[in-house]
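Asks: This is the structure, below, for whatever I ask next.
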Amino acid sequence: MKALKQTRHRHLGRALAIAAGAIGVCAAMPAFAVLGGSPMSTPDGATSEAQSVARAATASGASGASAAVSNYTVRSTTLASGTVINEYLDAQGVVFGIAWRGSRVPDLSAPLGSYFPQYQQGVKAQRAARGGRGPVSVQSSGLVVQSGGHMGAFNGNAYLPQSLPAGVSASDIQ
């Protein structure tokens, strides 16, 4: 009976240590922006700055060309690792694009949020068609993700084409 209690306590102790470790790992991981959602909070050890962008956009209508102003914000966060993540927010504060550059490709499951399965399917199809290495380019009507580089210098971007503000092009997300 005493041996059974010691075994239970040992297993309970291990389970608690594993749970505490998992909570610690989750708390230490940086929170990323989610496409179509809110910007990330600045992780510990990171610095962040925002810059508002106002750009004139030309739209043609029945009465000719008219000018509109596209307002968006680029929020740059430099993580403790040196990786820089740029978030592109529309006038309502919703993230419509993300770009990164740094020594490694970030885990894209958090920043892509509900778009991550679509991204995974695109990568799987691309890898099946041309092999398992090289840059990634996933393009659909609702999501575009491009990622590439080499060891120590990776970059990429992801954006929602349907959410790009007037006057903002895919090349602006960098």
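Asks: Residues being surrounded by fewer than 15 Cβ atoms within 10 Å (Cβ to Cβ) and either outside the structural domain of Val145 (by TED's automatic domain parsing) or of a type in the set (Phe, Trp, Tyr) (or both): count how many of those fall in region 84-94.
Replies: Adding up the residues that qualify gives 0.
Asks: Can you report the number of residues in region 81-126 which are part of a helix (DSSP H, G or I), more than 22 Å from His150 (Cβ to Cβ) and among the aromatic types (Phe, Trp, Tyr)?
Replies: 2
Asks: Would you say Asn157 is at pLDDT 95 or above, crowded, with 17+ Cβ neighbours inside 10 Å and not charged (D, E, K, R)?
Replies: Considered against the rule, which asks whether it is at pLDDT 95 or above, crowded, with 17+ Cβ neighbours inside 10 Å and not charged (D, E, K, R), Asn157 comes out as yes.
Asks: Here's a follow-up. May I ask you to say which residue of Ala166, Ala129 is in the same structural domain as Ala54 (by TED's automatic domain parsing), aliphatic (A, V, I, L, M) and part of a helix (DSSP H, G or I)?
Replies: One residue alone meets the criteria, Ala129.
Asks: Would you mention how many residues in region 95-121 are over 13 Å from the mean Cα position of the chain (by Cα) and buried (at least 18 other Cβ atoms within 10 Å of the Cβ)?
Replies: Qualifying residue count, region 95-121: 1.
The values are calculated or read from the model by the stated rules, or taken from the named source; none is laboratory data. In this text the structure is predicted, and so the values were computed from the model without any measurement. No Cβ is skipped: glycine too gets one built from the backbone with ideal geometry, and neighbour counts run over all protein chains shown.
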